[in-house]
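A quick write-up on the structure given underneath.
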DNA sequence: TTGTATGCGTTATCAT
DNA sequence: ATGATAACGCATACAA
């Protein structure tokens, strides 16, 4: 039923070596014999056993897409789903496959059965503890980090331009719309992404001589959460200096719409209102809009709202949300591109690959 | 650096065979030696080469998750993302990994490099041509089809209860809300899922003695699209008889919100209005709601709207959408469960595994 | 241009 | 209880 290489070779009256060469289209084999072998292979519907090929060549053609999260959503997440798609398509173009592997961040020793010696490289898509990273390093498995960067040699980092996107949005709010009193609403800032967005928020104020919105009546949430604050070295790597946190970012637990709604309700009740809100994510923006709407005010007339991410649903809000367009698909593509680079040249030095963001102005600002 | 089995064996002063047995926790090896070997393995951070294991055992521990689509979104899709998550989690519980593999539906011969002999089983998540299916069969690779069913022996099908969900929604509309004039809006009905939803729509009318909404002023789109209409045998398998298509379902190209919006605008302009709309998907429902809103009417006061899928965003519509809750995550789990069954018992007879749906009543009806 | 022999890192069979 | 040795299915260095 299943034809093996030896079968094809025997039928063609050649050795396994020749058959192998013919199938690999090696120039070392005579055209005539090659054609005959290929013909027979086709006839018998021969497909090489990729596993055996992999152990022989020490190259599996599989890339790991690893997420360190304690539970789903993994790819049901609006960012990682499209990112996986980008990775899949780019991998496909180069005849690579992708193996998805969630990993519990609590398991610092990375004991995944399969992934260890069977993978040509790995993409780490979430904030990943250093232990598994070192594990990969020890085993000389090329790796690419997404949306995180760790000061270290010989790594590639894929970074979305969080800072640039947020800065462009602030410019839009301040220059084009004339806002001078802008609130920032976010979950914990220990996630590098949110941190960078907030840094841009701060810098924009400085740049345009504005005062940061400060509302002492709103209790400030847990600024950094369980994770450590991104350190100076990391920020320097990303072209950012460390800033003192000024003002009162409205901090909420998680980045859910519900929590944002509650926080903004509270803000509205204090009477000290900003004219615009920069939300750390579209979900947060949605919650903010709901709160404003419930308070009998209008977006953007009374308070403008801008988001970040550009989820598919954000265009369907009423009014449609002005937001920073992220491109997770491009992130996935970039990750695979860089990983393949790293595979073909393992000694390549550390580098950061930036993926652009841009604002899309709709009706909420 | 990388310790192999032979290294461990040599250091422990035993043969590879014994070492292998010890690591597999075989009872054939003395406790004492076993412990020593395990100790050494740990010390040298030994990890077996899964690839070599796979070729030796003819079992890779990898499940293929295959999507026949001509382009993305693959897992950026709101249904397949969560479904993959379900599959991942269930696979993980049984120490399996998942390899994602898109495949162009135009390539009828399924010539994926890796997937052929390296995979213990495969999940086909989209409407899949029969050729690749037969290819898998020939190679005796267990397979599970999701949301499709092909009359054939020795296959497992995971079906979402489309019919039951739509029927429950119709009951809600008719019995609880008193509607008697209900329009159905959908993309092409050749997709089995939409077909079954429409069948329930039809049956409900019969069951409650209602007349199907018929609006001859709206041009009926392409009823079946490029795909063949689900045949009698398939429908019988799913407990459905073939029905004559009555009435005029509003058919649109694709299931996008934009197209739905246009279609409903047109419907509204005819003056012959239903009191409720059953949309084939939440996106369609969104488009319908926008059209109604634009025409200066209110949901649900003037026209009620019900959807199908329960996307995360549907709860954020204004008003929040009443819809049929689908559970792609559970579909993924079920698919892996059935696939593992099939792997351990390849001769198992064909069967259908139903995954429940239920309606969630919010504010749009 | 082709064949022989060996290696890849395991598991499995058959002795002992 | 342990060891030698043969698979597993392919690639490749070396010979011819």
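Taken together, the values in this text are just the output of simple stated rules run on the coordinates, not laboratory data. Every value quoted in this text rests on a predicted model; they were computed, and no experiment measured them. Positions of Cβ are generated from backbone atoms using ideal geometry, with glycine treated the same way; all protein chains shown enter the neighbour counts.
Just a few scattered comments:
- One quarter of the surface of the convex hull around the alpha-carbon atoms of the stretch B:5-48 equals 2.5 nm², the direction-averaged projected area.
- Cα-Cα P(r), the stretch B:29-132, percent of pairs per 5 Å interval: 2, 11, 17, 16, 16, 12, 9, 5, 5, 4, 3, 0
- Nearest-0.05 FRET efficiency for residue B:17 and residue B:258, computed from C-beta distance (R0 51 Å): 0.20
- Projected label points at residue A:293 and residue B:154, each 7 Å from Cα along the beta carbon direction, are separated by 5.5 nanometres.
- Beta bridges by DSSP in chain A, antiparallel share as percent, to the nearest 5: 10
- Note on residue A:243 and residue B:211: with the Förster distance fixed at 51 Å, the Cβ-Cβ geometry gives a FRET efficiency of about 0.15.
- Using the Cβ-Cβ distance between residue A:131 and residue A:325 with R0 set to 35 Å, the FRET efficiency works out to roughly 0.50.
- Between copies, the label points of residue A:214, set 7 Å from Cα on the Cα→Cβ line, lie 7.3 nm apart, reported in increasing order to one decimal in nanometres.
- For residue A:24, label point 7 Å along C-beta direction: distances to other copies, nm: 3.1
- Simple spin-label estimate for residue A:26 and residue B:32 gives 5.1 nm between the two label positions (7 Å along the Cα-to-Cβ direction from each Cα).
- Shape of chain A, Cα gyration tensor, a/c cut at 1.5: prolate
- Inter-label distance for residue A:361 and residue A:272, nm, one decimal - labels placed 7 Å from Cα along Cα-to-Cβ: 3.1
- The stretch B:162-325 shape via C-alpha gyration tensor axes, a/c threshold 1.5: rounded
- Relative contact order (percent, whole number), chain B, Cα cutoff 8 Å, 6+ residue spacing: 18
- Residue-averaged 222 nm ellipticity for chain B, from DSSP H runs of 4+ at -39500 (n - 2.57), nearest 500: -11500 deg cm²/dmol
- Whole-angstrom Cα spans of the stretch B:82-207 along principal axes, big to small: 56, 33, 25
- Relative counts (whole %) of C-alpha pair distances in the protein assembly as shown, using bins that are 10 Å wide: 3, 13, 20, 22, 20, 13, 7, 2, 0
- In nanometers and ordered shortest first, the copy-to-copy spacing of the residue B:6 label point, defined 7 Å from Cα toward Cβ, is 2.0.
- Cα centroid separation - the stretch A:11-89 against the stretch B:114-186, whole Å: 29
- Averaging the sequence gap over all C-alpha pairs within less than 8 Å and six or more residues apart, then dividing by the number of residues, gives the stretch A:162-325 a relative contact order of 25 percent.
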